[in-house]
Every structure is written in C-alpha cells, then in structure tokens.
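A.B. asks: Below: one structure in structure tokens.
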Amino acid sequence: MQQVFETIAKQSRAAWKALHREDIPQILIGSATCGRGTGALDIMRAIQRKLDENGIQALVKEVGCIGMCYAEALVDIIKPGFPRISYSQMTPEKATELVESFLVGDDPRPDMALGHFGDQALEGIPRLYELPVFDGQERVILKNCGHIDPESIDEYILQGGYSGLVKSLESQPEEIIEKVSQSGLRGRGGAGFPTGRKWASCLRAQGDQKYVICNADEGDPGAFMDRSVLEGDPHSVIEGMIIAGYAIGATRGYMYVRAEYPLAIFRLKKAIAQAKERNLLGENILGSGFDFELEVFQGAGAFVCGESTALVLSIEGNRGMPKPLPRPRTTEKGLWDKPTLLNNVKTFSMVPQIMNRGPQWFAGIGTEGSPGTAVFALTGKIERSGLVEVPMGMELRRIIEKIGGGVPDGRAFKAVQTGGPSGGCLPDEMLSLPVDFDTLDRAGSMMGSGGMVVLDDSTCMVDVAKYFLDFTCEESCGQCVPCRLGTQQMLAILEDICAGQGREGDIEQLLALGESIIKTSICGLGKSAPNPVLSTIKYFRDEYEAHIKEKRCPALVCHRLILYRIDEEKCSGCGLCLRSCPVQAISGEKKEPHQIADEECTRCGICLDVCPDRFGAVECITGQENLASSGRDGSECPH
Amino acid sequence: MREKVREILTAFDGDKSQVIPMLQAIQHEVGYLPEEGMEEVASYTGLRRSKVYGTATFYSQFYFTPQGDHEIKVCLGTACHVKGAMNLMDTLERELGIRCGETTTDNKYSLKRVNCVGSCALAPVVMVEDHVYGRVETKHVKGVLDKSAASV
Ligand SMILES: Cc1cc2nc3c(=O)[nH]c(=O)nc-3n(C[C@H](O)[C@H](O)[C@H](O)COP(=O)(O)O)c2cc1C
Ligand code: FES
C-alpha cells in the first residue's frame, strides 16, 4: 500500500513542481466566500491582466481562508529571492499597483504589506506570525487553510495529505480507534462527546451495512468555521471520513452540507472526484480491499437538521424532526436503521493528523479534559474578526483582547456570545474563564461549534435574547409543545419588554418558562433554546429592569423606547440630515433649526451619524421621562 | 411544465430517499416547485402527494410560487444582526416596495432573509444569487440592486 501511495505522491510532486517553477513568482489569492465577498475574483482578474500586459510569467492561484477576515481581500506574493509576503485590504487598483511595483519593479511595498512568512527580517515588513492576531494561536485544523489550493489534491498530498489514511489502512480497525481514544479527541459539533467512544460503539454495532456521515450543516448563525475548513482544506475532512469508514467497517459516507454554502459544495464535489481518480476513494482503495463511496447531500434550510436524528431523517427524504427519547442510538440504528457514525467537520479533519503524528502529540495540546485546539469564528464588535485557532484552555480575554484586538471605535466591551442559539452571553467578569467544553457550560453558556460574537455597549442584551428566541421559535420543528409554544411565549414577553410593554414579574415568568422548556423538550434545540435568555438575565438583569420599569433601553436599540430629536439651540440648519434622511422625516428651512417627524422616523440613525460634530444637534433619547418630555410616552410610538 | 419536470427527474432512479435532491433539481431548473412538479415526484417515487408536500414544506429552501429573476437575501444572522442588518432589510423593503418574503410585481426581485451565510466577518452581508456583498451600508443598497439588475 505504501508503495502504491508512493507512486501517487510522486506524481503529485511532479505535477506540483511543474506548476511551481522556482524562477517565477507565485501569487496567492484568498478566495473563500469571505475573500470573494471583498472582490477576490475581480482582483485576480486585474492581476492577471497586469501580468499579461507586462509579459510577466507568474503562477496565480486561489487559496482558502487564512482566518484574517478583517484584512480581506488578501493577496500573497512569493517572489524568488523574497519570502512570502501578505498584502491586505486589496482592491483591483491596489493589486495592479502592487504588481507594477513589486513584479515589474523590485519594491515589495512595505506600505501595503501586512506581514511576511520568512525567517529573516525584512526591511519595513513585520513577520506575519509575530502580529498580535497570531498571539498564542496554534493551527491544527486550519493548518492548510490559506496555504494550499483547495482544488488541488496534489498540494494536499504534498503537505502530507492521505498518508494518515495509508497508515490507517495498514493497521487494524481496533488500533485506529484505540489511537483516537488515546488522543482524547472530543467531537467539535458542540457537545464534546468522546470521539473514540463513539467509533468503538459503531464498530461493535452489528449490521450488514454501516454509514459514516459528516455533519456540515453549520446552522449556528454567526459561525463559519466549518465552511472555512470545507472551502480551504476539503481533503482533510474526506480523508478523516475514509479512515472512520475503515475503522468502523462502513463502505458509504455522506456529507450533509448546508444549502447556503455553494462554494463549499462545489469544492467538496471536486475533491471527491480527485480522490476517486487517485483511488483514494472508491473500490479497493490503494489495493487494500477496502471500498468507500462518498456523496454530498445538500441540506434544504432547516437548522434543526444539524441534530443527529433529524439529519438522518432528512437524508432519508423526510421532514427533519428529531426522534424523541428513548430511542436507539444513531451508532446502532441510524441511517436506514443501520449503524451510523456522525461527526462534525472539524472532528473528522483532525483524524488524519492524529494518525500521522500520534495520539500523544494531540493529547499534549490543550487541557487534560479537552485536548487539542478550538476554532472560533470571532465576529461582531471586534477589531480583528476572523477565524482563530487556539489550544483549549486559553483565557477568553486573551482571545478577545489580544488576538481580536478588543472592541473598536472606542466603545466598551459588554459581553461575548458563544454557542449560538444554544449558548449564552458572558460579561467582562467572566473573561478570565478558560475555553473548553466543560467550563463554558458551567458558566451558563457553551462552547458550541465555535461561534464567538463580541457585543459592545451599543448592543441591547434584551434585544439579543429576543433575537435568539425569534430564531429558535422559527426553527423549532414543532413536534413538542414546550419548544413549539413555550418559546413563543417567551418571545412574546421579550417583545413586550422591548416595546415598552414590560410588566413587573416578566423576568420571573421568563425564568420559570425557561426552566420548564429545558426540562421537557424532546431535543437539544428546545433544551437549549432558553439559554440566551437565562444567561442575559443572570448577568444583565439591570438591562431588563431598565426596559420594564423605566421604559429605557440603555443601549439605544429598541425602536419603541427611543426617539431621535434635534436640539433647536444647536441646529444651524445646514440641511445635511434633511438630505440624508431616507424617508424624508426631517423638515426645516435652510439656516433654520430642523425638526424630525417622529411618526415618519424609522430610527435608522443616519441623521445622528451625519450631523457634524461641531453642532452635535441630533440626539437619541430613551426612558419614560425623557420620552414624555418630548411629547410622547413609550407606548404611543408608531413603530 | 410536466414534460420539463419529467425530463429533470430522469437523472434520478426514483428511490424515495431522493425526494429532497429531486425537489432541489426541479426548483433549480424551474425556479420554484410547481404543483405538477410535486405530483410528478410523488408518482415517480410512489410516495403519496401529502408525503412529498410534507417534506417540501418543512424546509425553508423550497418555494411554491414563482420567484423573481433576482434573489436578494439579507443576512439576519447574529453577527449581521448586531451590526444593523435590520436597517438594511428596512431599506431594501422600502426600495423595492415589498416585504421580506415577497416578490416585486414586475417579477424582478424576491427579497428574503437568511440566517448567516458564513461571512460574518464581513457583516452586515447581503447575498444576491450566489454572490456575497460584505460590509454593506444602507447607502450601498441601491448600488447592489443596480449591479444585480445589470447581470441578467
Ligand atoms: C438543534 C441542533 C443543531 C445542531 N447543529 C449542528 C451543526 O450544525 N453541526 C454539527 O456538527 N453538530 C450540530 N449539532 C450536534 C449534533 O447533534 C451532533 O452532536 C454532532 O454533529 C456530533 O458530532 P461530534 O461528535 O463530532 O461533535 C446540533 C445539535 C442540535 C440539537
Ligand atoms: S451572521 Fe451574517 S454572515 Fe454570519
């Protein structure tokens, strides 16, 4: 087997070498979904045009996401004689200029550069890995993302890809599972279930046919770790799945991918075809006698299908409604009632490296209870949003303040939301907590699959709670009463509170409802749906009380509790707000103080943004007394 | 229509596990799921029509009425929500004169919401067809619409 693979690897090396000639520059374009959203494809065309015009030979290729989404669009240049240099915030114009300076000329343009990958110092350009954004980061899952062309199996093989599979095929299934168990790997889909134990139970399960399923449904709104892995390093997930198939005795696999991820689906299908071509997938893989077929199944837009039994029903062509307990385990009776192994994208993607580098290596990263690394999608009110990968056990504060650079625009940090609709919000005092599966759970949030949304003082915590409840209400499959109706009741109370109709006792009612929904719902969706509400009440009760008792939204978010007005003393009548108002709610003669018609105002806040600082005439007010002094009480608001 | 749907279904072997991929294929070609399509899937797979409808109506991806030429999706995921995505939605509703979930009378645009397209770092995000527009401000909305109109 080793020999068969060596031939394949040799071909890959030759193909790679032919493409990556040492005497020509390489240009790497970060073209995952986020890169494309900032114009990566236009930039690529502009660069190609410029190269052609100047008759420069260069290799232009697409790579996945390196995680520095805040700096997109990213272009890297590897020019002979120079280390690889990363350039950020590129546009077609800037990229053209860069090619002119650096490739037509010889100036690496430190003013545009973000950092370089070399060992030696380079005048005016810092080493990329010494930037604060990489502080304490350790790339295991994201090892290849942003470095290799995800559409080239050759590059993956060159990075050691598929050698974990070869090693596995040469061992006994029990040995593989033993290694996975020893590594301490826990599932990255949210619950942190020990992966080795799941595999072992699947191996033991009796069945003429078994299945491996990769959960790539990533429905948590505000998370994109799995998308980045699928778009940036699809083969790592595929390799992990083949190893799993061999270990448990399954010959078929499915990748259940969210419908909203077209690029990931495209790249996966391409990767599967390439793996088949090399006989790394399909019949008699590398002559081992082991067959494995892999198929992409596209989800159809239902968050609850991320739950294991719902996902299985969905592949079978049904409504994706989780099965109530007691029910047989998916590992024993899953897809078509056959033993089925279901793991998250990141869980599978780590397996090849564990096979290659050994379980001790993996167990040595992170904490004892949660070994390995955690990938977070750091977003929201944060200076450097993007993907970060850190050893488990790192303090939340370090992730947010050092790596993420803290809250921008001089605003104050308020909370961090982890675990999406199933998780919760943690305040500043909790930032000393280490991130691992168990600690965040105990604090009333959860690790989830890795969404981490930072909130600042312009975020209303009641509004955030309402937002998540609205989400779970919408996504509830509807089969059990607590989840279907209980969440609706909670949502109705939250809507009232945000609309200035909150009553004494609402908070207690929310707590009571939340508790019973957690106790009585069928599946994880209902059981965790109240978490965002409970955690915000726990840590931000004063905000709820301000809404209820004073009709005040401290963050100036809840439309019915705020209004915009113009201070006649300060307004010079410059007309800027009048011209900017999208709904013509502002009136007033030139050079005369303007007014805002409250009934027309949609509370978009543009007038406040455009009013020059030297006047500062537009203000946003809240609170019963203030609103009353402006001629209305909260309940009369037209919105 | 029936002929067209039958043609699409020839790519499948009629196994009832393929209901969702079949519906996706029909919607991809036709733009929505017409009644004939549902009937054909039912008879092709041997499932009852109620069963096929049951599956289709469970998933938010499927539509049962014709959609506009351009599909505008505003992301209302968490990251986009806290960065003011609701204001974008309001602006689009106003510009297009329709509510979220509706289609303009000239059948040009359908306006939809989506819970995260996985580009949270670029929040707030608007997706037109498969293209993601990042860091969209209310003042960019018109430009996004014009650009999509130009790409017929
Ligand atoms: C409502 C709900 C949604 C879920 N969504 C996902 C998801 O999008 N991706 C995922 O990997 N796991 C999701 N899970 C967890 C899965 O049920 C399952 O635990 C996981 O995929 C197992 O893989 P792991 O052991 O590798 O973590 C969800 C669970 C629930 C209850
Ligand atoms: S929340 Fe909008 S792209 Fe994720």
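A.B. asks: Trypsin sites (Lys or Arg not before Pro) within segment A:412-519: which are DSSP loop residues with at most 16 other Cβ atoms inside 10 Å?
C.D. replies: Answer in residue order: A:503.
A.B. asks: Evaluate 2.2 N^0.38 Å with N set to the residue count of segment A:493-533, then give the Cα radius of gyration divided by it.
C.D. replies: The value comes to 1.26.
A.B. asks: A further question follows. Quick one: which of A:414/B:142; A:167/A:270; A:338/B:16; A:414/A:551; A:94/B:142; A:338/B:51 span more than 29 angstrom between C-alpha atoms?
C.D. replies: A:414/B:142
A.B. asks: Let me know the charge dipole size of segment B:70-150 about its Cα centre in debye, to the nearest 20, where only the beta-carbon of Lys, Arg (+1) and Asp, Glu (-1) is charged.
C.D. replies: 200 debye
A.B. asks: Also, quick follow-up: Do any GluC sites (Glu not before Pro) in segment A:360-417 lie in a loop, going by DSSP, with at most 16 other beta-carbon atoms within 10 Å of their beta carbon, and if so which?
C.D. replies: A:368
A.B. asks: Another question, if that's okay. Stokes-Einstein at 20 °C, 1.002 mPa s, Kirkwood radius from Cα pairs: D for the protein assembly as shown in µm² s⁻¹?
C.D. replies: 77 µm²/s
A.B. asks: In segment A:407-467, which chymotrypsin sites (Phe, Trp or Tyr not before Pro) are in a loop and have at most 10 other Cβ atoms within 10 Å, using DSSP for the loop call?
C.D. replies: Here no chymotrypsin sites (Phe, Trp or Tyr not before Pro) fit, given the DSSP loop and packing criteria.
A.B. asks: Distance from the Cα centre of segment A:448-517 to that of segment A:580-597, in angstrom?
C.D. replies: With segment A:448-517 and segment A:580-597 each reduced to a Cα centre, they are spaced 37 Å.
A.B. asks: How high is the relative contact order of chain A, in percent, counting Cα pairs under 8 Å that sit 6 or more residues apart?
C.D. replies: 11 percent
A.B. asks: Could you tell me the calculated FRET efficiency between residue A:269 and residue A:504, based on Cβ-Cβ distance and R0 = 41 angstrom, to the nearest 0.05?
C.D. replies: E(calc), rounded to 0.05, equals 0.10.
A.B. asks: Moving on. Taking the 0 to 90 degree range and rounding to the nearest ten, how far is the long axis of helix A:262-277 tilted relative to the main principal axis of chain A, both from C-alpha atoms?
C.D. replies: 0 degrees
A.B. asks: Residue by residue through segment A:134-151, which ³J(HN,Hα) values in whole Hz follow from phi under the Karplus form 6.51 cos²θ - 1.76 cosθ + 1.60 (θ = phi - 60°), with glycine and proline marked x?
C.D. replies: 3J(HN,Hα) across segment A:134-151, in whole Hz: 9, 4, x, 6, 9, 9, 10, 5, 8, 3, 8, 5, x, 10, 10, 7, x, 8.
A.B. asks: Could you go through segment B:5-17 in sequence order and give the Karplus-derived ³J(HN,Hα) for each residue, using 6.51 cos²θ - 1.76 cosθ + 1.60 with θ = phi - 60°, rounded to whole Hz, and x for Gly and Pro?
C.D. replies: These are the phi-based 3J(HN,Hα) values: 4, 4, 4, 4, 6, 5, 6, 10, 8, x, 5, 6, 6 Hz.
A.B. asks: So what are the ³J(HN,Hα) numbers for segment A:611-616, from phi and the Karplus equation (6.51, -1.76, 1.60; θ = phi - 60°), rounded to whole Hz, Gly and Pro as x?
C.D. replies: My calculation for segment A:611-616 gives 4, x, 3, 5, 9, x Hz in order.
A.B. asks: Still on this model: Could you list which residues have their amide H under 5 Å from that of residue B:133, counting only those 5 or more apart in sequence or on another chain, with H placed in the peptide plane?
C.D. replies: Close amide H contacts, sequence-distant or interchain: B:126, B:127, B:128.
A.B. asks: Further, regarding this structure: Compute the Cα gyration tensor for segment A:9-119, then decide on rounded, prolate or oblate, letting a ≥ b ≥ c be the square roots of its eigenvalues: rounded whenever a/c is under 1.5, prolate when a/b is larger than b/c in the other cases, and oblate in all that remain.
C.D. replies: rounded
A.B. asks: How far, in degrees from 0 to 90, does helix A:234-248 lean away from the longest principal axis of the Cα atoms of chain A, to the nearest 10?
C.D. replies: 60 degrees
A.B. asks: Set the bar at 28 Å for Cα to Cα. Now go through A:143/B:139; A:210/A:346; A:198/A:402; A:143/A:198 and name every pair that lies beyond it.
C.D. replies: A:143/B:139; A:198/A:402
A.B. asks: What is the helix-to-structure angle for A:173-183, meaning the angle in degrees between its Cα long axis and the longest Cα principal axis of chain A, kept from 0 to 90 and rounded to the nearest 10?
C.D. replies: Compared with the principal axis, the helix lies near 40 degrees.
A.B. asks: Compute the distance from the alpha-carbon center of segment A:130-204 to that of segment A:230-303, in whole Å.
C.D. replies: Result: 14 Å between the Cα centres.
A.B. asks: Any idea what the dipole of chain B comes to, in debye rounded to 20, about its Cα centre with Lys/Arg Cβ at +1 and Asp/Glu Cβ at -1?
C.D. replies: 500 debye
A.B. asks: Relative contact order for chain B using alpha-carbon pairs under 8 Å, separation at least 6, rounded to a whole percent?
C.D. replies: In percent, rounded to a whole number, it is 19.
A.B. asks: Right, next: How big is the Rg/Rh ratio for segment A:430-477, C-alpha atoms only, Rh by Kirkwood, two decimals?
C.D. replies: Rounded to two decimals, Rg over Rh is 1.02.
A.B. asks: I need the Kirkwood Rh of chain B: take the reciprocal of the average 1/r across all distinct C-alpha pairs and report it in angstrom.
C.D. replies: Evaluated on chain B, it is 16.7 Å.
A.B. asks: Based on other C-beta atoms within 10 Å, arrange A:101, A:476 from fewest to most.
C.D. replies: Ranking A:101, A:476 by Cβ neighbours within 10 Å, fewest first, gives A:101, A:476.
A.B. asks: Quick one: compute a quarter of the convex hull surface over the Cα atoms of segment A:373-456 and quote it in nm².
C.D. replies: Mean projected area for segment A:373-456: 4.5 nm², to one decimal.
A.B. asks: Further, regarding this structure: How big, on average over all directions, is the shadow cast by the Cα convex hull of segment A:153-363, in nm²?
C.D. replies: Convex hull of Cα atoms, orientation-averaged projection: 10.8 nm².
A.B. asks: Counting other C-beta atoms within 10 Å, which of A:1, B:86 has the fewest, and how do the rest follow?
C.D. replies: A:1, B:86
A.B. asks: Could you pull the Rg and Dmax for segment A:217-328, using just the Cα atoms, both in Å?
C.D. replies: Gyration radius and largest Cα-Cα distance of segment A:217-328: 14.9, 44 Å.
A.B. asks: Charges at C-beta only: +1 for Lys and Arg, -1 for Asp and Glu. How large is the resulting dipole of the protein assembly as shown about its Cα centre, in Debye rounded to 20?
C.D. replies: Dipole magnitude for the protein assembly as shown comes out near 1460 debye.
A.B. asks: Another one. To make sure I understand, if each residue's beta carbon is the centre and we count other beta carbons within 10 Å, what order do B:119, A:288, A:535 fall in, fewest to most?
C.D. replies: A:288, A:535, B:119
A.B. asks: Another one. Can you tell me what percent of all Cα-Cα pairs in segment A:559-629 are more than 21 Å apart?
C.D. replies: When every Cα pair of segment A:559-629 is considered, 18 percent fall beyond 21 Å.
A.B. asks: Around residue A:523, what is the net charge, scoring Lys/Arg as +1 and Asp/Glu as -1 over all other residues with Cβ under 9 Å from its Cβ?
C.D. replies: It works out to a net charge of +1.
A.B. asks: Return a whole-number percent for the relative contact order of segment A:85-152, with Cα pairs under 8 Å and 6 or more residues apart as the contact set.
C.D. replies: Dividing the mean separation by the residue count of segment A:85-152 yields 24 percent.
A.B. asks: Which number do you get for Rg(Cα) / (2.2 N^0.38 Å) in segment A:461-549?
C.D. replies: Rg over 2.2 N^0.38 Å, computed on Cα atoms: 0.99.
Taken together, the values in this text are just the output of simple stated rules run on the coordinates, not laboratory data. Values in this document were obtained by computation on a predicted structure and should not be read as measured data. Here Cβ is always computed from backbone atoms with ideal geometry, including for glycine, and neighbour counts include all displayed protein chains.
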